[in-house]
1. With θ taken as phi - 60° and the coefficients 6.51, -1.76 and 1.60, list the Karplus ³J(HN,Hα) couplings across segment 361-373 in order, rounded to whole Hz; mark glycine and proline as x.
2. Quick query: amide H of HIS353 versus all other amide H atoms, modeled in the peptide plane; which residues come in under 5 Å with a sequence gap of 5 or more or a different chain?
3. Can you run phi through the Karplus equation (6.51, -1.76, 1.60; θ = phi - 60°) for segment 280-291 and list ³J(HN,Hα) in whole Hz, with x for Gly and Pro?
4. Out of residues 5 or more away from LYS174 or on other chains, whose amide H comes under 5 Å of its own, with H placed 1.01 Å from N in the peptide plane?
5. Would you work out if segment 71-152 is rounded, prolate or oblate? Take a ≥ b ≥ c from the square roots of the eigenvalues of the alpha-carbon gyration tensor; rounded if a/c is under 1.5, else prolate when a/b is larger than b/c, oblate otherwise.
6. May I ask which residue of ILE305, GLY383, VAL394 lies farthest towards the positive end of the charge dipole of the chain, with charges of +1 (Lys, Arg) and -1 (Asp, Glu) on Cβ and the Cα centre as origin?
7. Got the relative contact order for segment 46-121 handy, in percent, Cα pairs under 8 Å and 6 or more residues apart?
8. Pick out, from PHE345, LEU419, ASN162, the residue whose Cα sits farthest towards the positive end of the charge dipole of segment 2-428, with +1 on the Cβ of Lys and Arg and -1 on the Cβ of Asp and Glu.
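Bear in mind that the values in this text are calculations on the coordinates, not laboratory data. Quick caveat: nothing in here was measured; it's all calculated off a predicted structure. Using ideal geometry, Cβ is built from the backbone for each residue, glycine included, and neighbour counts are taken over all protein chains shown.
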Amino acid sequence: MIRHRTIFTAAAAAGLLWGMYPPTAAQVPGSAFWPQWRGPHATGVSTSATPPVEWSETKNIRWKIELPGRGSSTPVVWGDRVYVSTAVPVEGTGQRARHKFVVMALNRKDGSIAWQHAAREEAPHEGTHQEFGTMASSSAITDGEHVIASFESRGIFAVDMNGKLAWQKDLGDKRMRNEFGEGSSPALYKDRLIVVWDHQGDSFIVALNKATGEEIWRTAREEIDSWATPLVVEHAGRAQAITSGMNKVRSYDVETGALIWETAGLTMNPIPSPVTDGKGLVVLMSGFRGNSLKAISLDGAKGDITETPNVVWTADRDTPYVPSPLLYEGTLYFLKSNNGLLSAFDARTGKPHYQAQRIEALPTVFASPVAASGRVYILGQQGTAVVLKHGPAVEILATNTLDDRFDASPALAEGEMYLRGYKRLYCVAEK
């Protein structure tokens, strides 16, 4: 069921965030690359990339390399390098084996290793999901000066672009329900790294100085486990970090950590990350043991907004468990649970273009969809990716298969797509 509230204010019409459209690659530093989880604008979109439509093991693969260890973190791209994190077992067997936690830099030209930094070597304090979990599930983030890799309970590490350690920060050990594992990525805004630390203990959100790792502020959260990455949005001259949660959806002042607004929470185990349309609208969702979607207008949002027009529309069906939504040129795409059942909505009005349309080639999806050049890319776990034409109807342009399994989401930069599989990292590009 979809519930709507009509809201269209002068501020929203003016598009206080980024104007009427998201910024171009020339306007935002790093937006030609893929510097973080969900891309340069945290929406899953590249406004400048031109990846291929078709590929296979013998077509449009510039290079592929075997990666040591395991990780489901997304590759990030800056300049002529791509960065990945991984956890490599070095002693013992199973999830409690001693692991080496590694950040790797690879040359985009040929996949050769530029450097590796072993951040830490130790045995994890608890396990992770038996089938799908890894010890390197949080995606790195870079601003072209540092690469910051979070191994969560194993620490957060900042290295310079040559792999030299700048700082490290230990926030303690998370205790996750049923040892489901960790996987929330940090968000970077100017000089601040925003980290959500939701678990079975004392949960909090914290801002760290990106240059030193020093703690700037910390705010307690009444939440249990969550995996969604916070979304930092500028609106009406104020930066706010928007967070998913089972108990509450909340927004915090990035400068002080003070609560700005809150509303009713999502389902248990919130994993999908929030997205924004770049015009003051934010969409959050989750889909474990229920379905919940909330589209929220930031214009004037303050305090408890539950029974206010700031909650523009909601839905209670067909939302994702693991994959994050994609918000592309006003259209909100999302998958049902971890299945290839795709919905597309007008993000502003909540009007569906289509709902739960089955993509036959995608029985299982954990990776989040991405978009560029008028196309939507959805990568299935079994190695098949479907390329769709962006628009109000399902139109499949290509179905492509590689010989690997994939939980990590794609990264797009210029004419390339980076796909991180269980075994390999692929650079998909026209040769």
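1. Couplings: 6, 10, x, 9, 9, 10, 5, 8, x, 10, 8, 6, 6 Hz.
2. Residues meeting the amide H criterion: ALA344, PHE345, ASP346.
3. Working through the residues one at a time gives x, 10, 10, 10, 10, 7, 7, x, 9, 6, x, 9 Hz.
4. SER153
5. On the way: a/c = 2.18, a/b = 1.96, b/c = 1.11.
It is prolate, given that a/c is not under 1.5 and a/b is the larger ratio.
6. VAL394
7. Working: 113 pairs, mean separation 16.2, N = 76.
Once divided by the residue count of segment 46-121, the mean separation gives 21 percent.
8. PHE345
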